[in-house]
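Read the structure below first, then the notes.
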């Protein structure tokens, strides 16, 4: 429960920034993310598959049709009254569902009344005219700017004969590309409808993304000249369709930039579509009910919030890894948004999503860097404290070891402790209680290394000193008590080895108890060696262990070497041990040296054998040599 609670608190802290990062990203949407939205829209739109065009068709006036069907001068197109009248009649007889004349038929285009075309429109009854609208800016009497709509009216007689007139309202995005169409409320005052609204007989409740022709599936176009010439194949294609008539060879004034790269009738790619093709695409889009829809604000917020939660939950690593996680989430989020656009017909603002992820991810990376820096500083402080504590422990431990070995006539003493870590689990001691003629010698090795072993070693040292200060030392009772101390105050896996001895300086009799420790080596002046074995089990294993005391008389010139396994178990790069045999041979060969010089050579030999400057285990040596002449 505690771990789960901590995780929840951590997640809550990570989610708190969303409260202000999301609103900030939304505030910057118009300035930063809207342009990205358009770029992503174009990129995703290019991957969409366009359904077959079933409702609309364009009768296009291209260069070939002008050459075949229209007498020069070609422009204005409105002057070819007879050709247009015959075209309307042919389309009506071919069963067109509706006819839209999508070129300028204003009064200024006619030198005389367009009577033949008027009669044709009246007879057909299905013709609608398109009039363009432009926005003009004026100033009111108070000096305030006003934006007004001004429509170009077709010839009055044509408007009266047609079924109605529709507004061409093409409003591109700020980058000049047309992506959506919407209903302008200002048209309601004049009861006017745009081209797609009038043909679909419905008003747009909200902006609708336009489905444009693709290179693979262009909008169907038949030639103006083919219809006038009565070609059966061309006439059959217009049956039951809304027929848009206009110029399809896109000129600069008619060009409408769209997200997809369109294809002209001559097969060339262009940077835009002719206005008549755009009107046809808009109309079919609306007749299909808008197959591509913008996500609602609530859907967009949920989608963005979902990915932001993923980001703030995932970024919990160091800054570099956090950056890689952010990049992975961004790729996944944009890929999911593209998938929804392409296959699920739902447009989410990918630029806004990218912006929110950058804000949340950037905050997460900065927070991660701060957390990492603080953690590193805290760890460094903890390491410094630990080093200081270990240094203090090492200094304290050194005080437990003999500061100066007793200087006695006829006796050469030398000892050292080399720790593999800051503190050692080894221990040696030389005591002469009450300045009597008895010398107490001890060496111990606690299981493990480092601070835990050093703490146990310090307890052993304190207990041994207490027993030594009581007077005559009973070796077996002392070792038995130390065994109980270790057993009662440590885990089952903890133990210690001990060699405890008492040397009578007058009789040179050595009495000792060996509790599982490496047997000390006695080397006589003649080179004979003996290992001081026997005694009992390790300290701390069995509280009922009985320990045996043994004796051994030392002669003048004898050398006693006490050591821990850090000496004999030192390993070289070939995983070979130094072994007690090597130590014994070295002692035998160098027995004539003084204790200090001999100890230094042993340490040097072990270091040379293991090829290490620092030992892998604690090393403790204690050498006691009886001089041949007292």
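The values are calculated or read from the model by the stated rules, or taken from the named source; none is laboratory data. What you see is a predicted model, and the numbers here were worked out from it, not measured in a lab. With ideal geometry, Cβ positions are generated from the backbone for all residues, glycine too; neighbour counts draw on all protein chains shown.
With respect to the conditions (1) surrounded by fewer than 21 Cβ atoms within 10 Å (Cβ to Cβ); (2) more than 19 Å from residue 345 (Cα to Cα), residue 214 lacks only one, and its number is (2). The set of residues from segment 220-259 being within 30 Å of residue 174 (Cβ to Cβ) and part of a loop (DSSP other than H, G, I, E, B) comprises 248, 249, 250, 251, 252, 253, 254, 258, 259.
Considering segment 99-138, and only residues there that are under 60 Å from the mean Cα position of the chain (by Cα) and part of a loop (DSSP other than H, G, I, E, B), the residue that is surrounded by the fewest Cβ atoms within 10 Å (Cβ to Cβ) turns out to be 104. Scanning segment 185-194 for residues that are at pLDDT below 80 and assigned to a loop (DSSP other than H, G, I, E, B) returns a single hit, 191.
Exactly one residue out of 38, 131 is modelled with pLDDT under 90 and under 30 Å from residue 291 (Cβ atoms): that is 131. Looking at segment 17-28, can you tell me whether even one residue there is in the same structural domain as residue 243 (by TED's automatic domain parsing), at pLDDT 85 or above and surrounded by fewer than 15 Cβ atoms within 10 Å (Cβ to Cβ)? Scanning segment 17-28 turns up no residue that is in the same structural domain as residue 243 (by TED's automatic domain parsing), at pLDDT 85 or above and surrounded by fewer than 15 Cβ atoms within 10 Å (Cβ to Cβ).
The set of residues in segment 467-503 that are at pLDDT 85 or above, in a helix (DSSP H, G or I) and under 19 Å from residue 431 (Cα atoms) comprises 475, 476, 477, 478, 479, 481, 482.
The numbered conditions (1) at positive phi; (2) modelled with pLDDT under 90 are all true for residue 109 except (1). Given the structure, is residue 74 touching a helix residue (DSSP H, G or I) at 6+ places or on another chain (Cβ under 7 Å), modelled with pLDDT under 85 and farther than 30 Å from residue 315 by Cα? Yes, satisfied.
Conditions tested, residue by residue: (1) in contact with a strand residue (DSSP E or B) (Cβ under 7 Å, 6 or more places away or on another chain); (2) surrounded by fewer than 17 Cβ atoms within 10 Å (Cβ to Cβ); (3) on the phi > 0 side of the Ramachandran plot; (4) in a helix (DSSP H, G or I).
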residue: 278; (1), (2), (3), (4): yes, no, no, yes
residue: 283; (1), (2), (3), (4): yes, no, no, yes
residue: 304; (1), (2), (3), (4): no, no, no, yes
residue: 308; (1), (2), (3), (4): no, no, no, yes
residue: 313; (1), (2), (3), (4): no, yes, no, yes
residue: 321; (1), (2), (3), (4): no, yes, no, yes
residue: 333; (1), (2), (3), (4): no, no, no, yes
residue: 341; (1), (2), (3), (4): yes, no, no, yes
residue: 352; (1), (2), (3), (4): no, no, no, yes
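Listed by first and then second residue, the pairs linking a residue in segment 317-344 that is under 16 Å from residue 364 (Cβ atoms) to a residue that is outside any helix (DSSP H, G or I), with Cβ atoms under 8 Å apart and 6 or more places separating them unless they lie on different chains, are 322/315; 322/316; 325/315; 325/317; 326/315.
Looking across 151, 162, one residue alone is more than 25 Å from residue 229 (Cα to Cα) and either in contact with a strand residue (DSSP E or B) (Cβ under 9 Å, 6 or more places away or on another chain) or modelled with pLDDT of 85 or more (or both). It is 151.
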